[in-house]
Amino acid sequence: MDASMTDADVSWLRSRQPFASLDSSVFPKSTPLDGVLRNDCRLLRCEPGEIVVREGDYGGSAFLVLAGSVRVLVTQLPPERLGRNEITKLTWSESIRNWWHQSKHAEVRSPDQVAIPGDTKLTTVDNRPTLLLQDFAAVLGANKTVTLGPSELFGEVAAMYRTPRAATVVADEEATLVEIRWQGLRLLRKDPAFSQQLEDHYRKHWLKLHLRELSLLRHVPEQNIEHIAAATDLRSFGRIEWNADFRKTQKLSSREQIESEPVVASEGSFATDLIVVRSGFARTSRSYGAGQQTTAYLGSGHLFGLSEIVHSAFGPLDGPPRVLQQSLRAVGFVDTLHIPIEVVAEHILPHVRRSELPLDVRHLADPQANGGGERRRESRPQLGDKPMAPRDDVAVLTGHRNDHTAQLEFLVEHRLFNGTQAMVIDLHRCTRCDDCVKACASTHEGNPRFVRDGVAHGRLQFVQACMQCTDPVCMIGCPTGAIHRHRTTGVVQIEESICVGCGVCASSCPYQNIRITPINDAKGRPFRDQSTGLPIMKATKCDMCQSQPTGPACVSACPHDAITRVDLTESEPLHHWLAKR
């Protein structure tokens, strides 16, 4: 992680908490404690006012304060304080005027577009680019903050479980931090005390919040949530750096891909837990001949095993417990919560509405089912009767027919289910006129943000355009936070004024949908870095044409209605679009 780490640095870290208390004997010879500190950590000297992490960013590392202090902002900072501009929606007249007066040169910017907005300053500290808040003392004084001092850790939940940063953290004095990437955190958990510390922190501050986000638990009383949280087991499967293996696994056949995926739960085994996908992705599959047939893909918030648990709770009294009807496998990486079946029966099902159950077992909750309510054991849960909206998080486990299997497996093999706004072309309608590419180019300074190319399945082509991913690995590692998810639209966008053109996002994107390009002035001359004289490079990608009144220009420009932007995190939107063709 840091080639400049020396033996003296490692020895100094070993003298600081919590490293001083770690038991080096529990670490294997292949990954000794000193090796973890040398290879998976780096020392950071932060200047007063330096932004360490930003709320909403995705990160792959945690930070430990060694000296000095940092401030966690409880309240949100305005976007301009973080070096970001709000997108302004153009009127029709403004849009037409921009199109009419567009430059003949590509990627033209004005000097003020290159400058950083707001009260921030892009600078370099120890050869790393970073942002400083100007007049940061006034900013911190005007906002509610929490101070973290030596030996305090922050950012570990986002690093371990691939979730957005919960708050912005700023150095309020010169501070020394050690950054620990997620690989190092997992290795450090070999020490039982350190591992327990991390788990206790998650259970205390985050677990109940994550449970409350599940629609199935929306009516569960708070005291029940306490019992559920205490009984919940935390597990992880696969490699969190799935994007590094993606191109290798693409070369495998469907059968080989499925067989290579870690098994979370096996078909035919008893349903002992309700499994909640906390982050990452998983596939469900059934035995088919000598192999496995994909039935669905699951993402954050989806449940597995609920049908079998409900069948056991409400099915025939003299019948055996129902075994799992399909397997659950990690696709790259999946982080899961496991709630024991007895806890589900006692603390969850009594507060679940019938409309929230999977369709295939909803009839079992009828009081007249299985011979009437008098045949139920007293300990069996009784469901409420209040009406609820028909859609819920468990609906994804039902409704997938066998004729969709090939399409499901294609989406899983190419990790396309990661996209919330994937660009899909109906090849039966597309005439290859390239009006979509021309419209994109005219909207984005003469340089289109996508290539009309990509993997195809039947009549569908999934184009190489940013999909606004659920798991945006491109955002991990950006030194200035230039690439970020807009907090209201959800679009992953790049703030060019603080982008340093390092290329980390482009190399991280497994779909090759980000490009690094030089930017030019009105005469087509490249802007140059004053210190190096080299052309200034910026990352570019599809931004969903947020400023345009038409929305995505590629879609509105297609004369044959051949293009759509569709959410592939669920299979239903794509099926609905195809049904209208």
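The values are calculated or read from the model by the stated rules, or taken from the named source; none is laboratory data. Predicted model only: the values in this text are computed from it and were never measured. Cβ atoms come from the backbone with ideal geometry, glycine included; neighbour counts cover every protein chain shown. Surface accessibility is based on the protein's heavy atoms, side chains included, excluding ligands, DNA and RNA. Shrake-Rupley method; radii C 1.70, N 1.55, O 1.52, S 1.80 Å.
Which of the residues belonging to the range 169-207 are of a type in the set (G, A, S) and in contact with a strand residue (DSSP E or B) (Cβ under 9 Å, 6 or more places away or on another chain)? Spell out the reasoning first.
Looking only at the range 169-207, we keep the residues that are of a type in the set (G, A, S), and these are 171, 175, 184, 193, 195.
A171, A175, G184, listed by residue number.
Being open to solvent by less than 10 Å² (accessible area, probe 1.4 Å), out of contact with any Leu (no Cβ under 9 Å at 6 or more places or on another chain) and β-branched (V, I, T) is true for just one of I309, I339, I240. Which residue is that?
The match here is I240.
Could you list all residues from the range 84-96 that are at pLDDT below 80 and open to solvent by 80 Å² or more (accessible area, probe 1.4 Å)?
Within the range 84-96, E86 is the sole residue that qualifies.
Consider V277 against the criteria (1) surrounded by fewer than 21 Cβ atoms within 10 Å (Cβ to Cβ); (2) in a strand (DSSP E or B): it satisfies all of them except one. Which criterion is unmet?
(1) is the only condition that V277 fails.
Which numbered condition trips up E107, out of (1) open to solvent by less than 40 Å² (accessible area, probe 1.4 Å); (2) of a type in the set (D, E, K, R); (3) under 21 Å from R485 (Cβ atoms)?
All conditions are met except number (3).
Among the residues of the range 436-446, is there at least one that is surrounded by fewer than 22 Cβ atoms within 10 Å (Cβ to Cβ), over 30 Å from T91 (Cβ atoms) and not hydrophobic (A, V, I, L, M, F, W, C)?
Within the range 436-446, not a single residue is surrounded by fewer than 22 Cβ atoms within 10 Å (Cβ to Cβ), over 30 Å from T91 (Cβ atoms) and not hydrophobic (A, V, I, L, M, F, W, C).
Would you mention how many residues in the range 447-460 are open to solvent by less than 20 Å² (accessible area, probe 1.4 Å) and in a strand (DSSP E or B)?
Going through the range 447-460 one residue at a time, the tally reaches 1.
So which pairs qualify, if the first residue must be in the range 320-335 and within 16 Å of W182 (Cβ to Cβ), the second must be in a loop (DSSP other than H, G, I, E, B) and open to solvent by less than 10 Å² (accessible area, probe 1.4 Å), the Cβ gap must be under 8 Å, and the two must be at least 6 apart or on different chains?
F333/I240
Pick from the range 148-160 the residues that are open to solvent by less than 20 Å² (accessible area, probe 1.4 Å) and farther than 25 Å from E80 by Cα: which of them is farthest from the chain's Cα centre (by Cα)?
G149
Which members of the range 211-226 meet the condition of being assigned to a loop (DSSP other than H, G, I, E, B) and open to solvent by 20 Å² or more (accessible area, probe 1.4 Å)?
E213, R218, H219, P221
Specify the residue that is surrounded by the fewest Cβ atoms within 10 Å (Cβ to Cβ); the eligible residues are those in the range 126-142 that are in a strand (DSSP E or B) and of a type outside the set (K, R).
Checking each candidate, the answer is P129.
Do the conditions hold for V394, that is, is it among the aliphatic types (A, V, I, L, M), within 21 Å of S571 (Cα to Cα), in contact with a strand residue (DSSP E or B) (Cβ under 8 Å, 6 or more places away or on another chain) and at pLDDT below 50?
Spelling it out, V394 is indeed among the aliphatic types (A, V, I, L, M), within 21 Å of S571 (Cα to Cα), in contact with a strand residue (DSSP E or B) (Cβ under 8 Å, 6 or more places away or on another chain) and at pLDDT below 50.
What number of residues within the range 167-187 satisfy the criterion of being in contact with a Lys or Arg (Cβ under 9 Å, 6 or more places away or on another chain) and open to solvent by less than 10 Å² (accessible area, probe 1.4 Å)?
8
Go over the candidates A557, A522 one by one and state the one that is within 18 Å of N447 (Cα to Cα), of a type in the set (A, V, I, L, M), modelled with pLDDT under 90 and out of contact with any Pro (no Cβ under 9 Å at 6 or more places or on another chain).
A522
Among (1) more than 24 Å from E495 (Cα to Cα); (2) aromatic (F, W, Y); (3) open to solvent by less than 60 Å² (accessible area, probe 1.4 Å), which single condition is Y58 missing?
Among (1) more than 24 Å from E495 (Cα to Cα); (2) aromatic (F, W, Y); (3) open to solvent by less than 60 Å² (accessible area, probe 1.4 Å), Y58 violates only (1).
Which residue out of D2, D9 is free of Cβ contacts under 8 Å to residues at least 60 places away in the same chain, surrounded by 12 or more Cβ atoms within 10 Å (Cβ to Cβ) and not in a helix (DSSP H, G or I)? Explain how you work it out, then say what you get.
Details: D9 fails: not in a helix (DSSP H, G or I).
Answer to the check: D2.
Name the residues in the range 415-435 that are over 17 Å from the mean Cα position of the chain (by Cα) and open to solvent by less than 40 Å² (accessible area, probe 1.4 Å), would you?
M423, V424, I425, D426, C430
May I ask you to list the residues in the range 501-518 that are touching a helix residue (DSSP H, G or I) at 6+ places or on another chain (Cβ under 7 Å) and open to solvent by less than 20 Å² (accessible area, probe 1.4 Å)?
C505, C509, P510, I514 - these are the residues of the range 501-518 that are touching a helix residue (DSSP H, G or I) at 6+ places or on another chain (Cβ under 7 Å) and open to solvent by less than 20 Å² (accessible area, probe 1.4 Å).
So which residues in the range 155-187 are outside any helix (DSSP H, G or I) and more than 30 Å from V491 (Cβ to Cβ), if there are any at all?
Matches in the range 155-187: D172, E173, E174, A175, T176, L177, V178, I180.
So which of K208, K190, K248 is touching a residue at least 12 places away in the same chain (Cβ under 8 Å), assigned to a helix (DSSP H, G or I) and open to solvent by 60 Å² or more (accessible area, probe 1.4 Å)? Explain how you work it out, then say what you get.
On the way: K190 fails: assigned to a helix (DSSP H, G or I); K248 fails: touching a residue at least 12 places away in the same chain (Cβ under 8 Å).
Selected residue: K208, the only one of K208, K190, K248 that is touching a residue at least 12 places away in the same chain (Cβ under 8 Å), assigned to a helix (DSSP H, G or I) and open to solvent by 60 Å² or more (accessible area, probe 1.4 Å).
Among the candidates A282, A229, which residue alone is at pLDDT 95 or above and either among the hydrophobic types (A, V, I, L, M, F, W, C) or in a strand (DSSP E or B) (or both)? Working first, answer last.
Values: A282 fails: at pLDDT 95 or above.
Criteria check complete, one pass: A229.
Out of curiosity, is W99 touching a residue at least 60 places away in the same chain (Cβ under 8 Å), surrounded by fewer than 14 Cβ atoms within 10 Å (Cβ to Cβ) and in contact with a Pro (Cβ under 6 Å, 6 or more places away or on another chain)?
No; evaluated as a whole, the condition is false for this residue.
So which of H227, H311, H302, H219 ends up being within 22 Å of the chain's Cα centre (by Cα) and of a type outside the set (D, E)?
When all the criteria are applied, what remains is H302.
How many residues does the range 13-50 hold that are open to solvent by less than 20 Å² (accessible area, probe 1.4 Å), within 19 Å of D126 (Cβ to Cβ) and outside any loop (DSSP other than H, G, I, E, B)?
Total meeting the criteria: 6.
Does R203 satisfy being touching a helix residue (DSSP H, G or I) at 6+ places or on another chain (Cβ under 8 Å) and either among the hydroxyl-bearing types (S, T, Y) or free of Cβ contacts under 8 Å to residues at least 24 places away in the same chain (or both)? Before you say what the answer is, go through the steps one by one.
Details: touching a helix residue (DSSP H, G or I) at 6+ places or on another chain (Cβ under 8 Å): yes; either among the hydroxyl-bearing types (S, T, Y) or free of Cβ contacts under 8 Å to residues at least 24 places away in the same chain (or both): no.
Criteria not met by R203.
I'm checking my understanding of the structure. Among residues of the range 461-500 that are assigned to a strand (DSSP E or B), open to solvent by less than 20 Å² (accessible area, probe 1.4 Å) and of a type in the set (A, V, I, L, M), which one is farthest from L411 (Cα to Cα)?
I483
Out of T123, T145, T163, which single residue is within 22 Å of A539 (Cα to Cα) and open to solvent by less than 70 Å² (accessible area, probe 1.4 Å)? Show your work before the answer.
Numbers: T145 fails: within 22 Å of A539 (Cα to Cα); T163 fails: within 22 Å of A539 (Cα to Cα).
Of T123, T145, T163, the one residue that is within 22 Å of A539 (Cα to Cα) and open to solvent by less than 70 Å² (accessible area, probe 1.4 Å) is T123.
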